[in-house]
1. Select from region 167-188 the residues that are more than 8 Å from the ligand (Cβ to nearest atom) and more than 19 Å from Ser220 (Cβ to Cβ) and write down the one among them that is surrounded by the fewest Cβ atoms within 10 Å (Cβ to Cβ).
2. Working only within region 354-400, note down all residues that are closer than 13 Å to Ile334 by Cα, out of contact with any strand residue (DSSP E or B) (no Cβ under 8 Å at 6 or more places or on another chain) and surrounded by fewer than 24 Cβ atoms within 10 Å (Cβ to Cβ).
3. Which one of these does Leu44 not meet: (1) within 23 Å of Ile388 (Cβ to Cβ); (2) within 16 Å of the ligand (Cβ to nearest atom); (3) buried (at least 18 other Cβ atoms within 10 Å of the Cβ)?
4. Taking Glu247, is it more than 14 Å from Val18 (Cβ to Cβ), part of a helix (DSSP H, G or I) and of a type in the set (Asp, Glu)?
5. Pull out all pairs, ordered by first then second residue, where Cβ-Cβ is under 6 Å, the residues are six or more apart or on different chains, the first lies in region 249-270 and is outside the structural domain of Ala235 (by TED's automatic domain parsing) and farther than 16 Å from Lys283 by Cβ, and the second is at pLDDT 95 or above and buried (at least 17 other Cβ atoms within 10 Å of the Cβ).
6. Go through Gly111, Gly142 for me and flag whichever is more than 14 Å from the ligand (Cβ to nearest atom), at pLDDT below 95 and crowded, with 19+ Cβ neighbours inside 10 Å.
7. Take Ile228 and tell me if it is over 23 Å from Pro308 (Cα atoms) and touching a strand residue (DSSP E or B) at 6+ places or on another chain (Cβ under 7 Å).
8. Can Val16 be described as in contact with a Cys (Cβ under 7 Å, 6 or more places away or on another chain) and at pLDDT 95 or above?
Amino acid sequence: MQKMLIEGGHLLNGSVRVSGAKNSAVALIPASILADSEVTIEGLPEISDVHTLGDLLEEIGGTVSWDGQTVNIDPENMIAMPLPNGKVKKLRASYYFMGAMLGKFNKAVIGLPGGCYLGPRPIDQHIKGFEALGAEVTNEQGAIYLRAKELKGARIYLDVVSVGATINIMLAAVKAKGKTVIENAAKEPEIIDVATLLTNMGAKIKGVGTDVIRIEGVPSLHGCRHTIIPDRIEAGTYVIAAAAQGEEVIVDNVISQHLESLLAKLREMGVSIEESDESLLIKPNNPLKSVDIKTLVYPGFPTDLQQPFTSLLTKAVNTGVITDTIYSARLKHIDELRRMNAIIKVEGGSAIVSGPVQLEGARVKASDLRAGASLIVAGLMANGVTEITGLEHIDRGYENIEEKLNNLGANIWREEMTEQEIAQFQNS
Ligand code: EPU
């Protein structure tokens, strides 16, 4: 088991290239199940979640070959193999196997998904959608069993705006008989990316990017070639790191419209941001002013950037209030930031960050993926060395993060943990 060490205080300069979007990748890979011939996806991020999903496709009989960031998936020999245990439990997005396998085989058995613990993360809206399309859904010993004689299009109103439910229902509906309408659908760019892949495979989908998606079922889908969109959350993480510890940083391979809410908040804080075709030039103007943020569904401020943004606020003058309306319990990074000298109170579910403070290096634990990103941003700003454990979370979602930051001038490395450190980590 390894830990990450960050010697703080180095200024960031230069350019960093953003990888393909994790939250698209984890849906695009299962979506390939629906095709009858080879699907090629280009620009995938090299992160552990992507490889886990590739392994799962092989478990159900797919032929998966990798060429760097490109994957070729031949679904011809896939079967409706039950996946009640094992790798499905490693990540939350394995729930997309439910929609894709139901859509292809009219049945699926998928272990309840794992992933980051951010408080309760129900999948009732996914199930509501599958049932509306004609599936019988049961939960048996920690696995979801889905069975349908035939899937038929339906009108489905989501009670909660959900990225996962919107994508999963699209996957199940593209081959269902007749018309499906998803109302109160989520509008995240990753949903548009998945719909683009499905459309290239021959699906008939209208309205993605609005809150009403209309799908006309087709009898079969064919292979295609698809290039993934850039990861707006990875991009946002580097933009925040640049605002925290940069002089002049270019974040390359971004669609800046995907980051409007973050960029607006940073400009309010006094950060200078120049947008060009596919990149952003970030120049912080110290001192930074505090702002309040409230996370909302897209295009609002993303919950996935709330945690790294908390670290940045420790540097800003005055108090900033952070309220996460998507995951109210996504606050596990706060105790760790306090160990680093941050002054943060939690009141009524909001985090109140007082600044500016000089963060100090400490031993901290990444309890989930974006908590890890938050601690890395904090480590870049801190005096001395910060030691971060829980790297398996960070590696699930950030490709080569230390290499990318070191190329900007950071000093980050990994070391093996001693047996005593592993024992302490496991008991904490
Ligand atoms: N919700 C329900 N019932 C459902 C589904 C969702 O009540 O059936 C609630 C959730 O509890 C949450 C809200 O609806 O309060 C939104 O959840 P959503 O379904 O949109 O989240 P998700 O699809 O499970 C994806 C990303 C998350 C990201 C959220 C919100 C993937 C694989 N994950 O999760 O990403 O935080 O959307 O934008 O796409 C991350 O990347 O670190 C991450 C956690």
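The values are calculated or read from the model by the stated rules, or taken from the named source; none is laboratory data. None of the values given here were measured: they were computed from a predicted structure. Neighbour counts run over all protein chains shown; Cβ positions are idealised from the backbone, glycine included.
1. For region 167-188, the residue satisfying everything is Glu183.
2. Listed by number, the residues that qualify are Ser367, Asp368.
3. If we test Leu44 against (1) within 23 Å of Ile388 (Cβ to Cβ); (2) within 16 Å of the ligand (Cβ to nearest atom); (3) buried (at least 18 other Cβ atoms within 10 Å of the Cβ), just (1) comes out false.
4. no
5. So the pair list comes out empty.
6. Gly111
7. So Ile228 passes the test.
8. For Val16, the condition - in contact with a Cys (Cβ under 7 Å, 6 or more places away or on another chain) and at pLDDT 95 or above - is not met.
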